[in-house]
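Beneath this line is the structure, given in structure tokens, with notes to follow.
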Amino acid sequence: MSAAGLEVGTSTVPDSPRRKRRYGPREWAVIAIGALAVISVLRVVSGANDIASSGALAAAIGLAVPIGLAGLGGLWSERAGVVNIGLEGMMILGTWGAGFFGYHMGPWAGVLGAILMGMIGGLIHAIATVTFGVDHIVSGVAINIIGLGVAKYLAARFFNGLPGGGPTQSPQVKELPSFTLPGISPALGDLEKKHWFFVSDLAAVLRAICTNLSILTIIAILLFVGTWWVLWRTSFGLRLRSVGESPVAAESLGVNVLRYKFLAVLVSGGLAGLGGGFLALVAASIYRDGQTGGRGYIGLAAMIFGNWRPGGLLTGAALFGYTDAVQLRGGATVHAFLLLFAVLLIAVGIWQVVRNRRMVQGVLAIVVGVLVGWWYLAADAVPAELTGTTPYVTTLLVLAFASQRLRMPAADGQIYRKGEGH
């Protein structure tokens, strides 16, 4: 028995009429090694050793985690058919929850407080969209505004007058545990300093993931694995995804559509709140006004880039976190990336023209690639005013070229009323 692509008794919901080959661990390993080799070549050619240093990579991990958690929250919500533009507001609420509960009750209470505050934002979004049928975009924008306003009010109300606190920040919060592998980290550091092609770069990667790695980072990775297992390997996940593909068909098979949407949006809010909590507890050990810096939106973009799947989302979050870390190293480091962007754009343009027969897109990519290459040759560094735009420009570029093969859940963003299919 099947209905609108939902096969009863199986554990899969086809993502498209023509089944596409999915990447397994071997393919992802090849992609990771290839990416590291490209970075190694870029480091040798440009002489910008900072682009593959363990410091930059460790910063990239710290910047990628909140983006990934926000995107993971968006994935849960949109797989159930609810668009969640409100991730930024939920992250903001999470930063305040981490600062408040973390200061008064300890860092682990801060983690729970961040999740709780994010879930409150998710609850409001779920009531508006699932119960009352408010447009998902309108509700999400409202959540962002509400989250910003509520966090400002609560910060001024509860942090003002505390030691080190004020209307725009909390007092210092105790740090969560972190892990360093003794003996291995210094040895990898010595190997990294030799600047050997690929070998030193691999040592830098390994040193970044085994030196001062926060336990919250490990939890975030486990959440990605858990999300994949729950949504793609359990009957619960099958039902939740069926709600996002065809709620009418799902309800006709006995699935409580509204309940699954509600649960998905609550989980979404909790994950986004945890992303905000990471910023307050790990990245800064303090709550600050404006701390999220638009990472909720970048998380949403990473989710789209990842084609609504955990593996692709993790890749997108790592990419955006890495480019964000690179721009913090200064204009000379970003300048080296101009060469990489030029080569990639020209290669993509040739691929579009020769393989996909898309002349306009291909020629445009080649022209832009040539202009970026000319910029690299004509300048010695990127102006400081432009370095901060690196992660956002990267977001636009990858979405522009990844959008050709994306497929969102079929019923994503649609308003659904109980019994609609009867």
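The values are calculated or read from the model by the stated rules, or taken from the named source; none is laboratory data. Since the structure is predicted, the reported quantities are computational estimates derived from the model, not experimental observations. Positions of Cβ are generated from backbone atoms using ideal geometry, with glycine treated the same way; all protein chains shown enter the neighbour counts. Side chains included, ligands, DNA and RNA excluded: accessible areas come from the protein's heavy atoms. Shrake-Rupley method; radii C 1.70, N 1.55, O 1.52, S 1.80 Å.
Numerical summary
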| quantity | calculated |
| --- | --- |
| Residue match in the stretch 273-288 (condition: part of a helix (DSSP H, G or I), open to solvent by 40 Å² or more (accessible area, probe 1.4 Å) and in contact with a Pro (Cβ under 8 Å, 6 or more places away or on another chain)) | yes |
| The stretch 151-189, residues that are in a helix (DSSP H, G or I) and either aliphatic (A, V, I, L, M) or surrounded by 14 or more Cβ atoms within 10 Å (Cβ to Cβ) (or both) | ALA151, LYS152, LEU154, ALA155, ALA156, PHE158, ILE184, SER185, ALA187, LEU188, GLY189 |
| Given (1) on the phi < 0 side of the Ramachandran plot; (2) surrounded by fewer than 22 Cβ atoms within 10 Å (Cβ to Cβ), number of the condition GLY294 does not satisfy | (1) |
| One residue from LEU319, LEU314, LEU344 being closer than 17 Å to SER54 by Cα, open to solvent by 30 Å² or more (accessible area, probe 1.4 Å) and in a helix (DSSP H, G or I) | LEU319 |
| The one condition in (1) farther than 18 Å from MET91 by Cβ; (2) touching an Asp or Glu at 6+ places or on another chain (Cβ under 7 Å) that THR292 fails to fulfil | (1) |
| Where TRP229 falls short, out of the listed (1) in contact (Cβ under 8 Å) with a residue 12 or more places away in the chain; (2) out of contact with any Asp or Glu (no Cβ under 6 Å at 6 or more places or on another chain) | (1) |
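Every residue, every condition in (1) open to solvent by less than 10 Å² (accessible area, probe 1.4 Å); (2) aliphatic (A, V, I, L, M); (3) closer than 23 Å to GLY68 by Cα, yes or no:
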residue: TRP232; (1), (2), (3): no, no, yes
residue: SER235; (1), (2), (3): no, no, no
residue: GLY244; (1), (2), (3): yes, no, yes
residue: GLY254; (1), (2), (3): no, no, no
residue: GLY269; (1), (2), (3): yes, no, yes
